[in-house]
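Report on the following structure.
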Amino acid sequence: MRCLALKLFQSNGVMYKYYSVIFIFLFGALSSIVFNKYWNYTLYVDDQTRHLIVRRPFSIIDFDDHEYFDSNQDAHELIIRETDVHVVSDQDNVEALMSLIAANEMKSMGKGEKALKLIEHGIALAPKNPDLLNGYGELIETLRDDILTADQMYYQALIYSPKHKEALINRKRTQIIVDDLDWQQLKRIDEKRDKMALISDSNMALRRAKKEAYFQHIYHTVGIEGNRMSLSETRSILETRMAIGGRSIAEHNEIIGLEAALKYINATLINRLGNISVDDILEIHKRVMGFVDPLESGVFRQTQVFVGGHVPPGPSHIGTLIENFSLWLNSESTLRLHPVRFAALAHYKLVHIHPFTDGNGRTSRLLMNMILMQAGYPPVIIPKGERHKYYRTLEFANKGDIRPFLRFIAECTERTLNHFLLSTTTEFSTDIPELDYDNIIINES
């Protein structure tokens, strides 16, 4: 009996050692996998949140001369909105489809440009037809290698027909490429911003560039709204406070008001820690419109307004919408966005609510630039010569695709950074002239 017990004990001991070895091996393998996953995740987070590092705010003035938004909504969720009242007749639909058939025939014959013109004619007749939008995207991608526009067309097709088979296949293919292109652009922007941050504030070339950008910013911002002042006239008003003959009082006051708002942001908001409040937005608007319409400055509108095909919310909803907008501005998920995307989205959301009778665009652009300057970027200059492209991308956003607008603001940001680097770094030996974008040919294709 004792021998049997001894054998069982010895047998159990062997089994125990066997299972212990297996357990240790499995535990080690599992630990290795978990550690590897964690390490890769930390690298990913570091890459994705690199822009969250607190950086020196960008001060533009340092020269010595005299629909309904849910606050918890994900920032990239695209809200589908029907903002136009375009009605397509049966005859237009038939003609549009005939254009698509003819375009496909031209394409098969190798006549790509004729096919493009035919399908563009069809889209003009039936702008919501998913077959036309998808077909146009395929032609643009094939003939012009324009994958950004092609992806936009596939996306538009899916807005109007979410189960469109061809558009789904095309969009799945292009989305990965387009997302990578967008991220690479933001990465370039960050690298240029970091290069600018190395330049001392006392650098004379930087001070001259800031001064020029200051005049440019005011000139183009009021110019987008229709102000006829030239760049030299704008500079003269800001430097001498003398009136310009042949220009209206309102045009003078728009320039003075924008300067007051920009100085307010530079002096109080870009270096301040804490949330962006509703009062901050009201204070910006109060200065934008203070010389143009003192009674309406700094107060929400009390009447309904209409902006092209977009009908902003009624005045009774503005208070709630602005409060929700303020919650969104300061939410954790929003603050983790890339600053350029955050700034562009803030611009779009505010201008979509359209809380003021006038001055919404100027206030939205100033809010956008305040966010950028807080993150160390220079204020973006949106050229008045690109006014059409600016409003067109806003229209795309109203229809549900915010990406063209985000991309446009990123392009303007990178161009502004290029201007500063060209003016201040030793990589470029040539000083650039004052940039009057009105004389630059803009390629809208």
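Normalising the average separation of contacting C-alpha pairs (under 8 angstrom, six or more residues apart) by the number of residues puts the relative contact order of the range 251-384 at 26 percent. Judged by the ratio a/c of the largest to the smallest principal axis of the C-alpha gyration tensor, the range 177-439 counts as oblate, that ratio being 1.5 or greater while a/b is no larger than b/c. The charge dipole of the range 177-439, taken about the Cα centre with unit charges on the Cβ atoms of Lys, Arg (+1) and Asp, Glu (-1), comes to about 40 debye, rounded to the nearest 20. Would you please classify the overall shape of the range 256-347 from the alpha carbon gyration tensor, given that a ≥ b ≥ c denote the square roots of the eigenvalues, rounded means a/c under 1.5, and beyond that prolate means a/b larger than b/c while oblate covers the rest? Because a/c hits 1.5 or more and a/b fails to exceed b/c, the range 256-347 counts as oblate.
This model, with +1 at the C-beta of Lys and Arg and -1 at the C-beta of Asp and Glu, gives the range 90-175 a dipole about its Cα centre of some 280 debye. For the pair residue 104 and residue 204 in one chain, pulling the backbone fully straight at 0.36 nm per residue adds 30.1 nm over the alpha carbon distance. Using the Cβ-Cβ distance between residue 236 and residue 277 with R0 set to 35 Å, the FRET efficiency from 1/(1 + (r/R0)^6) comes to roughly 0.45.
When Rg and the Kirkwood Rh are both derived from Cα coordinates, the Rg/Rh ratio for the range 90-175 amounts to 0.95.
Projected label points at residue 260 and residue 316, each 7 Å from Cα along the beta carbon direction, are separated by 3.4 nanometres. Each of residue 120 and residue 169 was given a label point 7 Å from its Cα along the Cα-to-Cβ line. The distance between the two points is 2.7 nm. Counting other Cβ atoms within 10 Å as a rough exposure proxy, the listed residues 320, 357 run 320, 357 from fewest neighbours to most. Checking the a/c ratio against 1.5 first, then a/b against b/c, what shape does the Cα gyration tensor give for the range 214-316? Verdict is oblate for the range 214-316. Can you find, among 116, 126, 169, the residue sitting farthest towards the positive end of the charge dipole of the range 90-175, where Lys and Arg contribute +1 and Asp and Glu -1 at Cβ? The listed residue farthest towards the positive side: 169.
Every number in this text was worked out from the coordinates using simple rules, so none of it is lab data. In this text, all values refer to a predicted model and were calculated from it rather than measured experimentally. We place every Cβ from the backbone using ideal geometry, glycine too, and count neighbours over all the protein chains shown.
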